[in-house]
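Visitor: Next up is a structure, given as structure tokens.
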Amino acid sequence: SAKSGGGGTYHFFTKTMNESAMARLVIENDLREALAKNQFELHYQPKVDLKTDQICGLEALIRWKHPGRGYISPMQFIPVAEETGLIGKIGEWVFEEVCRQIGEWGAANVPPVPIAINVSPRQLMEGRITQTIARILEQTNTPAARIVLEVTETVMMQEIKKSATILEELRHLGLQIAVDDFGTGYSSLAYLKRLPINSIKIDRSFVRDITVDSDDAAITRAIIIMGHNLGLQVVAEGVETIEQMDFLRDSGCDEVQGFLIATPLPAHEAVHHIIRLSAKADIEP
Ligand code: C2E
Ligand code: MG
Ligand code: MG
Ligand code: MG
């Protein structure tokens, strides 16, 4: 069948076109139902400043809490949501939920940190993302500076003029822009200079082997130096070991994110990390 039985995973890449098309149809219907029945959930992963060891942000990562299949990863359904156009509605839900969460944490006196939201290509390039975000910020009374948008470089390079215009609008609203999975696309840093960007996130695939592969180490160091020369904050994603973190700190990287610090967690668990990582510098100067 199109759906696998176990592990809460869907297999899209089936043998024949028919099966694959069927899988998409099945998941498309399920996705519509998931929206209607509120089956999505956001998990939050902290980002830490390497100079202060304090939390400097959270990233919101969507999960599909499927009845009977448990949590389904966004890697399984975001591509289908993109293809079918459902990403527009799902993306809107993510913005609303993040803003609602910011309000809830604010009311509970949780230390305020910016929250990053992933935006996929179709979300950015189609529809009215600026108007949608502006409306949600206003309705929820959320300061725009609390939101970071994570965009991958591929989309920006394909239609650089159009994406630059949209990103300028979003920046004008007061949002911050980060380039996600940096190094995996085709962009040059010279191009990035023309885009209104605050930070770059070095892709996990470079970070993984920095302590054992001299090429990955060299690439990572080069990205950090060039990023700084262009006035960008440099973040490393997928940091899993102390050795990787030490290498990144020694190389001048600004911020890190990864399982070493914390995995993505539901809001009620993430809040403990926010508090723990906010108090850290006060306790051990
Ligand atoms: P991403 O934005 O690059 O997110 C980082 C992914 O790496 C997350 O996977 C996170 O759980 C995982 N990760 C974090 N630290 C580590 C680590 O130390 N080691 C390893 N091995 N993995 C780590 P996740 O949550 O499955 O998300 C996958 C992708 O799905 C994201 O990649 C993002 O592109 C997309 N995505 C997630 N949430 C949303 C959303 O709300 N909207 C859209 N459009 N895309 C989303
Ligand atoms: Mg991201
Ligand atoms: Mg990433
Ligand atoms: Mg990634």
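Visitor: Need the list of aspartates and glutamates near Lys47 for cross-linking: C-alpha distance under 16 angstrom, and skip anything on the same chain fewer than eight residues off.
Guide: Glu59, Glu150, Asp180, Asp181, Asp203, Glu237, Glu240, Asp246, Asp254, Glu255, Glu269
Visitor: Now, a different point. Would you work out the relative contact order for the chain, in percent, from Cα pairs under 8 angstrom that are 6 or more residues apart? Intermediate values should be presented prior to the final figure.
Guide: Working: 458 pairs, mean separation 53.8, N = 285.
Normalised by residue count, the contact order of the chain is 19 percent.
Visitor: Pull up the DSSP beta bridges for the chain and report the antiparallel fraction as a percent, rounded to 5.
Guide: Values: 17 of 39 bridges.
Here the antiparallel bridges make up roughly 45 percent for the chain.
Visitor: Related question: Looking only at chymotrypsin sites (Phe, Trp or Tyr not before Pro) in DSSP loops with at most 10 other Cβ atoms within 10 Å, what is the longest site-free stretch of the chain? If you can, show how the numbers build up before the last one.
Guide: On the way: sites that count: Phe13, Tyr186.
Segment 14-185 is the longest.
Visitor: Mind checking the angle between helix 87-107 and the chain's longest principal axis? C-alpha axes, 0 to 90 degrees, to the nearest 10.
Guide: Tilt of helix 87-107: around 50 degrees.
Visitor: Let me have the 222 nm mean residue ellipticity of the chain computed from DSSP H runs of 4+ only, each contributing -39500 (n - 2.57), with the sum over all residues rounded to the nearest 500.
Guide: Numbers: 12 runs with 139 residues, N = 285.
Mean residue ellipticity, 222 nm, calculated: -15000 deg cm²/dmol.
Visitor: On to the next question. About the Cα centre, and with charges only on the beta carbon of Lys, Arg (+1) and Asp, Glu (-1), how big is the dipole of the chain? Nearest 20 debye, please. Mind dumping the intermediate values first?
Guide: Working: 28 positive and 38 negative charges, 154 e Å.
Approximately 740 debye in magnitude.
Visitor: Now a separate question. Give the shape of segment 149-285 as rounded, prolate or oblate, defined through the alpha-carbon gyration tensor: a ≥ b ≥ c are the square roots of its eigenvalues, a/c under 1.5 means rounded, and otherwise the shape is prolate if a/b is larger than b/c and oblate if not.
Guide: Numbers: a/c = 1.98, a/b = 1.29, b/c = 1.54.
It comes out oblate by the Cα gyration axes.
Visitor: With all distinct Cα pairs included, what does the Kirkwood hydrodynamic radius of segment 35-96 come out to in Å, to one decimal, could you say?
Guide: Values: mean 1/r = 0.0760 Å⁻¹.
When all Cα pairs of segment 35-96 are included, the Kirkwood radius is 13.2 Å.
Visitor: From the Cα gyration tensor of segment 36-187, with a ≥ b ≥ c the square roots of its eigenvalues, which class applies: rounded if a/c is under 1.5, or else prolate if a/b is larger than b/c, or else oblate?
Guide: Details: a/c = 1.30, a/b = 1.07, b/c = 1.22.
The shape class here is rounded.
Visitor: Just to be sure I follow the definition: excluding the sites themselves, where is the longest run in the chain that has none of the trypsin sites (Lys or Arg not before Pro) in a DSSP loop with at most 13 other Cβ atoms within 10 Å?
Guide: Values: sites that count: Lys15, Lys37, Lys51, Arg128, Lys193, Arg194.
The longest such stretch corresponds to 195-285.
Visitor: Out of Asn118, Met245, Val179, whose Cα points farthest toward the positive end of the dipole of the chain (charges: +1 Lys, Arg; -1 Asp, Glu; placed on Cβ)?
Guide: Of the listed residues, the answer is Asn118.
Visitor: If you don't mind, another one. Tell me, what does the Kirkwood hydrodynamic radius of the chain come to in angstroms if you use every pair of distinct C-alpha atoms?
Guide: On the way: mean 1/r = 0.0501 Å⁻¹.
The Cα-based Kirkwood calculation yields 19.9 Å.
All of the numbers you see were taken from the coordinates with simple rules; none came from a lab. Note that this is a predicted model, so its numbers are computed, not measured. We place every Cβ from the backbone using ideal geometry, glycine too, and count neighbours over all the protein chains shown.
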